[in-house]
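Computed from the coordinates by the stated procedures, all read-outs in this text should not be read as laboratory data. Bear in mind the structure is a predicted one, so any value in this text is a computation, not a measurement. All Cβ positions, glycine included, derive from the backbone under ideal geometry; neighbour counts span all protein chains shown.
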Amino acid sequence: MPKDTKPVKVSFWIRYRYWIMLGSITMFLPPLSFLFQFTKDSNFCGAWCPRMFFVWRAGMSGEQFFMGFLRSYMGVALVLGILFTSFFLGRYWCSHLCPVGGTMELGSRLVPKFLKINYSSIPAASFRYGYLAVFFLAPVFGLGSLCCRYCNFATIPRMFGAAFLGADMAFFMRTAGLISLGLVIVLGLFAKGGRAYCNLLCPVGALDALSNRIGLKFGRRVRVEKSKCNGCMACAAVCPTWALEESEGKAHVDQLSCIPCRVCENVCPKEAIAYEKLKA
Amino acid sequence: MKKTIFFILAVGVSLLGATYRFGDSAHSIGLIKADGGAVKHAAHFISGKDSYTLIATATVIPPYRGDVRVALEGNPKLEHKIYASAPVIDLGLRKSPKFIDNILYNLNPKDRISLWVVIRKQADADSIKGEYRLALYDTKTNKSVLRVPLIFKASKAGGEVAHAERH
C-alpha cells in the first residue's frame, strides 16, 4: 500500500444498512411477524399502531384520548423511542429500522432506473407539514380522518401477508386499500431512492424530522464541512430523500428531510460529509 | 413561493383524502360482552357497489370467555366471506383465538379480534339495500355477545355517508 493512502474505514451503519433493513423487515412483517406476536398482534394495527393515539377527534373526552394511548401502548413506546433517539442520534429509525420505509427502499432497487420517478422538485418539508396539519386538524373539526385510511403502516405488512391470508387480501379489496397500494407503488417502489412516501406522507416521519431538527445542536447528524466541499453535488444525486441542496456553491443538508443513510458520505470525493456533532 | 404552493396543495389533497368516503368499506369498533355487547356506531355503506368490506374490531370484556360463532344476518342473504387477522406463522408466544369455519375459538378476557367481512353482490341480483347485521353468538348458550348493524343506503349527492370508516 502506498505510504500516503490511508485505509478507508466504513462505518458499520453504512456497510450493513441493507442487512439491518432486511432484518427489521423479517422481524416485523409477515410471514414471521415475530415482534407483534409478543402482544397477540399480527401487524401494526392494534397495540402497535404508531399513528392514531396522538390524534384528538371531535367529541372525544379526555378519558377516551388517554385510553387510546393505553390501547396502542406498543405504538406509544415505539414513537417515543423514535423521537428520543432521533433527538440525539438522528433519524436512524427511518434510515435503518423502519420496515415500512425499508420495504419501499429495497423494493425500489428492483425497479429498473428508466421507470423511476424523480420527486426531488417537490419541496418535501412544505408538502409533509401540509399533510401533517390535516392529519391532526381534520379529526379535531370532525371533517374525517387520515389515521387509518391511506396508512403506510397498515398497507406494507398486508402486502406481505396477502399471499398467505384472506384477511390481508381483503385489505386491498376496497377502494381505500387499492389507493394505499397505489401510493406505495408510485411514491415508494417506483420513486427514485424509494423514499418519496416517507418524505411526503408519513406522519411518524414528519414528527421524527421535527425531533431531528430540534436536537440539531445536541446530537450527531450528517453534516457538510463547507471548507472541504467543492460543490460538485454528487451527494445530492444519490440522496433518497433529496435532503441535499446547493447553497452558495456548497452542499447543504436539510435536517427536516435527512435520514442518516449516509449514502452521501460514501460518494463525496472530498470527504466533506461526516456524521458528527456540531463543531464548536 | 413554491414552498407555499406545495403546502397549500398538500392541505387540499389531504383534506380531500380525509373527507371523501368511497362507501365500499367501513370499520366498526365493538365490545364483546356476555350480556349482548356494544358497538360504537353502525357501519354505513353506499348501495350500488359490487363488493363491500367491513372491518369489525372488538375487545373481549371480562369476565366473558368462550367460543363465538360469527354470522352475517339479514334478508335476502348476501354472498360473503369472513376472515380473521392472524399471524401467518403462529409462533405460539401468546395464546390467541383461532378462527375456523366462522367460529372464533378460545376467546379470553381482553383479547382483541379483527374480522374482515367481504360481501359481494351476486351478478344477477339488484344492488344491496337495507339493514343487515354481523352477529356474534356464544356457541354454548347461543346468546348474542355482539351485533354490528350494517346499513346499505343509496348515496346522497356526492356519495357522502356519515360514519363510514370513521374511527
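Within 15 Å, Cβ to Cβ, of A:Ala125, how many net charges do the neighbouring residues add up to if Lys/Arg are +1 and Asp/Glu are -1? Mind showing how you got there, number by number?
On the way: positive: A:Arg91, A:Arg128, A:Arg195, A:Arg213, B:Lys2, B:Lys3; negative: A:Asp208, A:Glu245, A:Asp254.
Cβ neighbours under 15 Å give a net charge of +3.
Using only the C-alpha atoms of chain A, find the volume of their convex hull and express it per residue in Å³.
Numbers: hull volume 45.1 nm³, N = 280.
Here the figure is 161 Å³ per residue.
Please name which of A:Gly193, A:Asn230, A:Leu244 has its Cα lying farthest along the dipole of the protein assembly as shown towards the positive end, using unit charges on Cβ (Lys, Arg +1; Asp, Glu -1) and the Cα centre as origin.
So the residue we want is A:Asn230.
State which entries of A:Lys40/B:Lys153; A:Lys250/B:Lys3; B:Lys77/B:Lys153 exceed 25 angstrom in Cα-Cα distance in the structure shown. Each step should come with its number before you reach the end.
On the way: A:Lys40/B:Lys153 36 Å; A:Lys250/B:Lys3 21 Å; B:Lys77/B:Lys153 17 Å.
The pairs that break the limit, which is 25 Å between Cα atoms, are A:Lys40/B:Lys153.
Just name one of B:Ile32, B:Tyr83, B:Ala125: the one whose Cα is farthest towards the positive end of the charge dipole of the range B:23-166 (beta-carbon charges, Lys/Arg +1, Asp/Glu -1).
Projecting each Cα onto the dipole axis, the largest value belongs to B:Ile32.
Across 10 Å bins from the origin, how do the percents of Cα pairs in the range A:129-256 run, short distances first?
11, 31, 30, 18, 8, 1
7 Å from Cα along Cα→Cβ at both A:Ile179 and B:Arg94: what's the point-to-point distance in nm?
3.2
Once you wrap a convex hull around the alpha carbon atoms of the range B:23-166, what is its projected area averaged over all directions, in nm²? Please report the intermediate quantities before stating the final value.
On the way: hull surface 36.8 nm².
About 9.2 nm², averaged over all directions.
For the range A:177-269, which trypsin sites (Lys or Arg not before Pro) are both in a DSSP coil and crowded by at most 16 other Cβ atoms within 10 Å?
Here the trypsin sites (Lys or Arg not before Pro) that fit, given the DSSP loop and packing criteria, are A:Arg220, A:Lys226, A:Lys228.
Mind checking the full-extension length gain between A:Glu245 and A:Phe34? Use 0.36 nm per residue of separation minus the Cα-Cα distance, one decimal, nm. Display every interim value, and only then the final one.
Working: separation 211, 0.36 × 211 = 75.96 nm, distance 3.94 nm.
Extra length from A:Glu245 to A:Phe34 when fully extended: 72.0 nm.
For peptide A:115-127, how many partner chain Cβ atoms fall within 10 Å of a residue's Cβ, on average? Walk me through the numbers on the way to the answer.
Numbers: counts 0, 0, 0, 0, 0, 0, 2, 4, 7, 2, 3, 9, 9.
If you average over the peptide's residues, the count of other-chain Cβ atoms is 3.
For A:236-247, what's the mean count of beta carbons from other chains sitting within 10 Å of each residue's beta carbon?
Numbers: counts 0, 0, 0, 0, 0, 0, 0, 0, 0, 0, 0, 0.
That works out to 0 on average.
To the nearest 0.05, how large is the calculated FRET efficiency for B:Lys143 and B:Lys81 if R₀ is 30 Å and r is the Cβ-Cβ distance? Walk me through the numbers on the way to the answer.
Details: r = 25 Å, r/R0 = 0.84.
So the FRET efficiency works out to roughly 0.75.
Sorted from largest to smallest, which semi-axis lengths in Å does the alpha carbon gyration tensor of the range A:15-150 give for its equivalent ellipsoid, taking the root of 5 times each eigenvalue? Show your work: numbers first, answer last.
On the way: eigenvalues 155, 94, 41 Å².
Ellipsoid half-lengths, sorted descending, are 28, 22, 14 Å.
Considering every residue in A:31-39, what mean count of other chain Cβ atoms within 10 Å of its Cβ is obtained? Write down the numbers at each step before the final one.
Working: counts 3, 4, 6, 4, 1, 2, 8, 3, 4.
Partner Cβ neighbours, averaged per residue: 4.
What aspartates and glutamates could a cross-link reach from B:Lys49, if we take a straight Cα to Cα line under 20 Å and drop same-chain neighbours fewer than 8 places away?
In chain and number order, the partners are B:Asp24, B:Glu73, B:Glu79, B:Asp124, B:Asp126, B:Glu131, B:Glu160, B:Glu165.
Cross-link candidates for A:Lys279: which aspartates and glutamates have Cα within less than 13 Å, leaving aside residues fewer than 8 places away along the same chain?
A:Glu225
Estimate the FRET efficiency between A:Met67 and B:Lys110 by the formula 1/(1 + (r/R0)^6), using the beta-carbon distance for r and 22 Å for R0, to the nearest 0.05.
Numbers: r = 13 Å, r/R0 = 0.61.
Rounded to the nearest 0.05, the efficiency is 0.95.
What distance in nm lies between label points placed 7 Å from Cα along the C-beta direction at A:Phe84 and A:Tyr275?
It works out to 2.0 nm between the two label points.
What is the packing order of peptides B:1-9, A:264-272, taking the mean over residues of other C-beta atoms within 10 Å and listing the highest first? Intermediate values should be presented prior to the final figure.
Numbers: B:1-9: 13.2, A:264-272: 16.6.
Listed from highest to lowest mean packing, they are A:264-272, B:1-9.
Which of the residue pairs B:Lys121/B:Lys143; B:Lys81/B:Lys129; B:Lys95/B:Lys121 have a Cα-Cα distance greater than 27 Å in the structure shown? Walk me through the numbers on the way to the answer.
Numbers: B:Lys121/B:Lys143 29 Å; B:Lys81/B:Lys129 18 Å; B:Lys95/B:Lys121 36 Å.
Correct reply: B:Lys121/B:Lys143; B:Lys95/B:Lys121.
Relative to the compact globular guide of 2.2 N^0.38 Å, what is the alpha carbon radius of gyration of the range B:29-103, as a ratio?
Working: Rg = 14.8 Å, N = 75, 2.2 N^0.38 = 11.3 Å.
It is 1.30.
If you take the beta carbon distance between A:Leu22 and A:Leu115 as r and set R0 to 25 Å, what does 1/(1 + (r/R0)^6) give as a FRET efficiency, to the nearest 0.05?
Numbers: r = 23 Å, r/R0 = 0.91.
The formula returns an efficiency of 0.65 here.
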